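Chemist: This is the structure I have questions about; it appears just below.
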């Protein structure tokens, strides 16, 4: 989900090379930009791109004093920097306001610097930074009741109402209702297990 919905254009994309940045420097000393920048007027609403747990963090003064990260269920985190205000830590839903655009730290003007990190916790380093586009493109992964109804109708053509499944770890065969197996499978897929 776009973290600055009122200014959806990325002004400086992830991976752009320049002398301002030090990650993955080329032979000319140009590193890559580690996030996506959204230029916007100071005070513009910043929202959580994905659901998770919001935490205050400090990955260095270059990012300003109102940094946050949203630790997501898939084991990654989204990092938000240069903001002038931030909400209190705790659970957040995608689309919920978490701060306001600012120009704190090393910034030439008000903007949000948005990154995706490969780990849920830990410090900032070039090794944890990933292209934030999957977070920007995130649209939710919850199945609606209509989704369940369609999927169950398709599965009903193939599976019986009850089936025997082998429990992981024990190897024991257990009879389970079709809906229970589907929900357990969906939970495992969405949690990346």
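The values are calculated or read from the model by the stated rules, or taken from the named source; none is laboratory data. Bear in mind that the values here come from a model prediction, so they are computed numbers and not experimental data. Please note: Cβ atoms are built from the backbone with ideal geometry, for glycine as well, and neighbour counts cover all protein chains shown.
Chemist: Say whether the condition of being within 16 Å of residue 71 (Cα to Cα) and either modelled with pLDDT of 95 or more or not assigned by TED's automatic domain parsing to the domain that holds residue 47 (or both) is met by at least one residue in segment 99-109. Spell out the reasoning first.
Modeler: Keep residues of segment 99-109 that are within 16 Å of residue 71 (Cα to Cα), which gives 99.
If we keep only those that are either modelled with pLDDT of 95 or more or not assigned by TED's automatic domain parsing to the domain that holds residue 47 (or both) as well, we get 99.
The answer is yes, given that some residue of segment 99-109 is within 16 Å of residue 71 (Cα to Cα) and either modelled with pLDDT of 95 or more or not assigned by TED's automatic domain parsing to the domain that holds residue 47 (or both).
Chemist: Just give me the residues in segment 6-20 being surrounded by 14 or more Cβ atoms within 10 Å (Cβ to Cβ) and either under 16 Å from the mean Cα position of the chain (by Cα) or not in a loop (DSSP other than H, G, I, E, B) (or both), in sequence order.
Modeler: The answer is 12, 14, 17.
Chemist: Oh, and also: So, in segment 21-41, of the ones that are touching a strand residue (DSSP E or B) at 6+ places or on another chain (Cβ under 8 Å) and exposed (fewer than 15 other Cβ atoms within 10 Å of the Cβ), which residue ends up farthest from residue 75 (Cα to Cα)?
Modeler: At the first step, the residues of segment 21-41 found to be touching a strand residue (DSSP E or B) at 6+ places or on another chain (Cβ under 8 Å) are 21-26, 30-40.
Next cut, exposed (fewer than 15 other Cβ atoms within 10 Å of the Cβ) only: 22-26.
Details: 22: 26, 23: 22, 24: 24, 25: 27, 26: 30 Å.
The selected residue is 26.
Chemist: Also, quick follow-up: Restricting to segment 59-75, name every residue that is loosely packed, with under 14 Cβ neighbours inside 10 Å and farther than 28 Å from residue 20 by Cβ.
Modeler: Of everything in segment 59-75, just one residue is loosely packed, with under 14 Cβ neighbours inside 10 Å and farther than 28 Å from residue 20 by Cβ, namely 75.
Chemist: Return the residue satisfying two criteria in turn: it lies in segment 21-36 and is in contact (Cβ under 8 Å) with a residue 24 or more places away in the chain and in a loop (DSSP other than H, G, I, E, B), and of such residues it is farthest from residue 112 (Cα to Cα).
Modeler: Filtering segment 21-36 for residues that are in contact (Cβ under 8 Å) with a residue 24 or more places away in the chain and in a loop (DSSP other than H, G, I, E, B), the one farthest from residue 112 (Cα to Cα) comes out as 24.
Chemist: May I pose another question? Tell me which residues, restricted to segment 137-189, are within 24 Å of residue 95 (Cα to Cα), modelled with pLDDT of 70 or more and assigned to a loop (DSSP other than H, G, I, E, B).
Modeler: Those that are within 24 Å of residue 95 (Cα to Cα), modelled with pLDDT of 70 or more and assigned to a loop (DSSP other than H, G, I, E, B): 138, 139, 140.
Chemist: Also, I was wondering about something else. For residue 121, all conditions in the list (1) within 25 Å of residue 187 (Cα to Cα); (2) surrounded by 14 or more Cβ atoms within 10 Å (Cβ to Cβ) hold save one; what is the number of the exception?
Modeler: (2)
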